[in-house]
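Report on the structure given below.
The values are calculated or read from the model by the stated rules, or taken from the named source; none is laboratory data. Small disclaimer: the values here were computed from a predicted structure and weren't measured. Cβ placement follows ideal geometry from the backbone for every residue including glycine, while neighbour counts extend to all protein chains displayed.
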Amino acid sequence: MIKLLSAFLLSATIFLQTQPAFAGAPTNWGMSMQESASPSKEHITDFHNLLLWIISGIVLFVFLLLAYVVVRYNRKSNPTPAKFSHNVLVEIIWTIIPVVILIIIAVPSFQLLYYTDRIQEPEMTLKVTGYQWYWGYEYPDHDNIAFNAYMIPDADINVEKGEKRLLSTDNKVVLPVDTNIQILVTSADVIHSFAVPSLGLKTDAIPGRLNETWVRITKPGIYYGQCSELCGKDHAYMPSEIHAVSKEDFAKWVANGGNT
């Protein structure tokens, strides 16, 4: 049994060490959120960590309170129970404290929603359109470059190029780093959701409606996302692949007509 466990751990270690590292992709045996690559994602992570401390404190308090009640007021320790059932001070406290906790959560929550909503003075625009089941992209500020991006089938995945199953696409979205990018999201058929976790992006794509969000990518890399709204039988097969490059490389990509 020990030899079997040792072999399993060794195999797992070798497997993890051979996986290519991408800034914006899921990792094997990964925990917590993906690494932040935009100010929006950093704010989301900070808010997540705040909530984690709050709920951990609540769970710990309730656990200790229940443990105290079990020990202090069981039949053996307290054979004669009290006959009163109300305590005004306690009831005021357990009403006020949850309200205070909700206010502590609500203030940064509304600030985060406002921050991620839109950018006042974008430097460029990317339009994203959801289809069953792929994404369409347009660059209205850059010669109206437009293309569709389909998931690469399993049989065509090239591991040596770092392509990832269910995440890599035939055409890549190329965006410059350190640029305020306005993202307009819509749909041509049913409701989709454009989401890229490491960039803090998640916006519904609704037919006949143009939703807006923004991103400022802080470091070059490859960032993956998937549709996050159940949109039909191939919902799991419409990923997004974003390549963040320097402004100079982006200008070359545009000059080349959007061809990589």
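So, in the stretch 165-197, of the ones that are in contact with a Pro (Cβ under 8 Å, 6 or more places away or on another chain) and polar (S, T, N, Q), which residue ends up surrounded by the most Cβ atoms within 10 Å (Cβ to Cβ)? Filtering the stretch 165-197 for residues that are in contact with a Pro (Cβ under 8 Å, 6 or more places away or on another chain) and polar (S, T, N, Q), the one surrounded by the most Cβ atoms within 10 Å (Cβ to Cβ) comes out as Ser187. Give me a count of the residues in the stretch 81-135 that are basic (Lys, Arg) and assigned to a strand (DSSP E or B). Number of matching residues: 1. Are any of the residues in the stretch 225-244 more than 15 Å from Trp133 (Cβ to Cβ) and surrounded by fewer than 22 Cβ atoms within 10 Å (Cβ to Cβ)? Looking through the stretch 225-244, at least one residue is more than 15 Å from Trp133 (Cβ to Cβ) and surrounded by fewer than 22 Cβ atoms within 10 Å (Cβ to Cβ).
Sub-8 Å Cβ pairs linking a first residue in the stretch 145-172 that is farther than 14 Å from Trp135 by Cβ to a second residue that is in a loop (DSSP other than H, G, I, E, B) and basic (Lys, Arg), at least 6 apart or interchain, are Asp154/Arg165; Ile157/Lys164; Ile157/Arg165, ordered by first then second residue.
Yes or no, residue by residue, for (1) without any contact (Cβ under 8 Å) to a residue 24 or more places away in the chain; (2) within 14 Å of the chain's Cα centre (by Cα):
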| residue | (1), (2) |
| --- | --- |
| Gly24 | no, yes |
| Met31 | yes, yes |
| Ser36 | no, yes |
| Pro39 | no, yes |
| Thr45 | yes, yes |
| His48 | yes, yes |
| Ile54 | no, no |
| Val59 | yes, no |
| Leu64 | yes, no |
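Is it the case, given these coordinates, that Tyr139 is in contact with a strand residue (DSSP E or B) (Cβ under 9 Å, 6 or more places away or on another chain), surrounded by fewer than 17 Cβ atoms within 10 Å (Cβ to Cβ), aromatic (Phe, Trp, Tyr) and over 16 Å from Val196 (Cβ atoms)? So Tyr139 fails the test. When the stretch 24-45 is limited to residues that are of a type in the set (Gly, Ala, Ser) and farther than 16 Å from Arg165 by Cα, the one that is modelled with the lowest pLDDT turns out to be Gly30.
Looking across the stretch 204-224 at every residue that is without any contact (Cβ under 8 Å) to a residue 60 or more places away in the chain and in a strand (DSSP E or B), the one that is surrounded by the fewest Cβ atoms within 10 Å (Cβ to Cβ) is identified as Pro207.
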